[in-house]
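A short write-up of the structure that comes next.
FYI, it's all coordinate maths here, none of it is from the lab. Source: prediction; values computed, not measured. Cβ coordinates were reconstructed from backbone atoms using ideal geometry, including for glycine residues, and neighbour counts include every protein chain displayed.
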Amino acid sequence: MTNQEILELMARFDASSLTAFKLHTKDTELEMDKGVAVMAAPAAPAAAPAVLAPAAPAPAPAAAPAAPAPEGKCITAPVVGTFYVAPAPDQPPFVQPGDKVQKGQTVCLMEAMKMMSEVKAPCDCVIEAVLQEDGALVSFGDALIRYREG
């Protein structure tokens, strides 16, 4: 996890209504509590200790144009986490553009704090586009899949 990703998570956490957040990956552990942020790296061999130090904030870039909002109705991320298109890396995706799905059918997975959650279709619909890359870190409310009712 890069320092920029950590800083973005911290900003989004600060703006959210959450009071605590924990994230564990194979090389990073991040815990945030309103008013307190703790970052730690896993213990490394004595010969090569690893320390995760916060980077000095980079100067703010000129206002970058925001990504355009996707056209049509979208299934959005219910949590901050990792987006998966398939139940396992060697399995086919839950849905692909052009697929007709029924209300309640699983269309993708979200992983947050080592917990997997199924994201289901809100209605009978046709999948128009998968808007995120498999394995992408997404924020609450990010558009995942565009669909049209029918």
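Between beta-carbons, use under 13 Å as the cut-off and find the net charge around residue 149, counting Lys and Arg +1, Asp and Glu -1.
Taking every Cβ under 13 Å from that of residue 149, the sum is +3.
Checking the cross-link filter: which aspartates and glutamates have an alpha carbon closer than 14 Å to that of residue 100, excluding same-chain neighbours under 8 positions apart?
Residue 100 reaches 124, 128, 149.
Given labels modelled 7 Å from the Cα in the Cβ direction, how far is it in nm from residue 4 to residue 103?
Those two pseudo-labels are separated by 4.2 nm.
Counting other beta carbons within 10 Å of each Cβ, put 110, 1 in order, fewest first.
1, 110
First check a/c for the range 73-149, with a ≥ b ≥ c the square roots of the eigenvalues of its C-alpha gyration tensor; if it is under 1.5, answer rounded, and if not, answer prolate when a/b is larger than b/c or oblate otherwise.
prolate
Can you list residues from other chains, or at least 5 along the same chain, whose modelled amide H is less than 5 Å from the amide H of residue 29?
Hits under the 5 Å cutoff: 40.
So which of 22/120; 26/73; 26/120 end up more than 31 Å apart, counting from Cα to Cα?
Beyond 31 Å: 26/73.
Report the gain in length on full extension from residue 17 to residue 148: 0.36 nm times residue separation, minus Cα-Cα distance, nm rounded to one decimal.
44.1 nm
Run the quick spin-label model on residue 134 and residue 88: label points 7 Å from Cα toward the beta carbon, then report their separation in nm to one decimal.
According to this spin-label approximation, the distance is 1.3 nm.
Which residues' amide hydrogens lie under 5 Å from the amide hydrogen of residue 16, considering only partners 5 or more residues apart or on another chain, with H built in the peptide plane?
Amide H to amide H, under 5 Å and 5 or more residues apart or across chains, residue 16 pairs with nothing.
Tabulate in residue order the Karplus-calculated ³J(HN,Hα) for the range 93-100, using 6.51 cos²θ - 1.76 cosθ + 1.60 with θ = phi - 60°, rounded to whole Hz; enter x for Gly and Pro.
With the stated coefficients, the range 93-100 comes to x, 4, 9, 9, x, x, 5, 9 Hz.
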